[in-house]
Amino acid sequence: ALPICLRKEFKTTHGRSVFERGGISPDSVIPESEQTAMMKELVRRSMFFRFTSKYIAGRTDSSVAPDEMLMKGFSSFLDSLHFTYENEAEKKLVELKEIATKASYNQTIVEEIEKLKKNVMDAKSDDLKRNRKEILQTLHGEIMSRYKGEKGRIASSLADDVQAQTAKEVLMNRGQYKKILALGDEDK
């Protein structure tokens, strides 16, 4: 990518700077949350798709609430498949144990690594609870896509979409909206 200092600068009607080959910078930047190892593995192994296929079999009512019942059903489904995954901490601890063993460190260090691994496993057992909101959002979207297609998936995701909510807040706040549109006037 060409550094911004080497790009030609243009001005919009309201005086905003726009650089060639770069488009317009967003007015509001919403950081994207990173998916956890568990969520990545659930998606990679099609667990949401598979659960939804089983869940909607024989159902005709598309009114599904992303609630505790749905979460319990999904948890039971994962248990029935003996779903497991390895997170980054586990991988690093296995690596650390191998290094300690190869380096012939004393047994106490290896035992401490094992204790730490057990603590990580205990914490990992709560991953369903920690990822509850994202799991329910994904399940609801998957279920709605089966009943109402891609439009159903999109409609179900909008309620929890941070970017859409931020855009709505800007549009509803007349002062903030005008301020954003006026950016660049001050540079004249």
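The values are calculated or read from the model by the stated rules, or taken from the named source; none is laboratory data. This one's a predicted model, so the numbers in the text were calculated from it and none came from an experiment. Note: ideal-geometry Cβ built from the backbone for every residue, glycine included; neighbour counts use all protein chains shown. Surface accessibility is based on the protein's heavy atoms, side chains included, excluding ligands, DNA and RNA. Shrake-Rupley method; radii C 1.70, N 1.55, O 1.52, S 1.80 Å.
Some observations on this one:
- Centroid-to-centroid separation of the range 1-72 and the range 79-146 [C-alpha atoms, Å]: 25 Å
- Based on protein heavy atoms only, the chain ends up with 72 Å² per residue of surface accessible to a 1.4 Å probe.
- Note on the range 109-188: lysine pairs with Cα distance below 16 Å, sequence gap of 8 or more or different chains, count 4.
- Translational diffusion of the range 1-90, µm² s⁻¹ [Kirkwood Rh, Cα pairs; Stokes-Einstein; 25 °C; 0.890 mPa s]: 136 µm²/s
- Ranked by the mean number of other Cβ atoms within 10 Å per residue, highest first, peptides 69-76, 99-106 order as 69-76, 99-106.
- Anisotropy class of the chain from Cα gyration tensor, a/c 1.5 cut: oblate
- Under the convention that each Lys and Arg Cβ holds +1 and each Asp and Glu Cβ holds -1, the size of the dipole of the range 114-177 around its Cα centre is about 100 debye.
- Per-peptide average of other Cβ atoms within 10 Å, ordering 150-156, 4-10 highest first: 150-156, 4-10
- Percent accessible area from carbon and sulfur atoms, the chain, protein chains only, probe 1.4 Å: 55 percent
- Residues in the range 165-180 carry Karplus couplings, in order, of 5, 5, 4, 4, 4, 5, 5, 7, 9, 4, x, 5, 4, 5, 4, 5 Hz; the curve used is 6.51 cos²θ - 1.76 cosθ + 1.60 with θ = phi - 60°, and Gly or Pro positions show x.
- Between T60 and E150, the modelled labels are 2.9 nm apart [label points 7 Å from Cα along Cα→Cβ].
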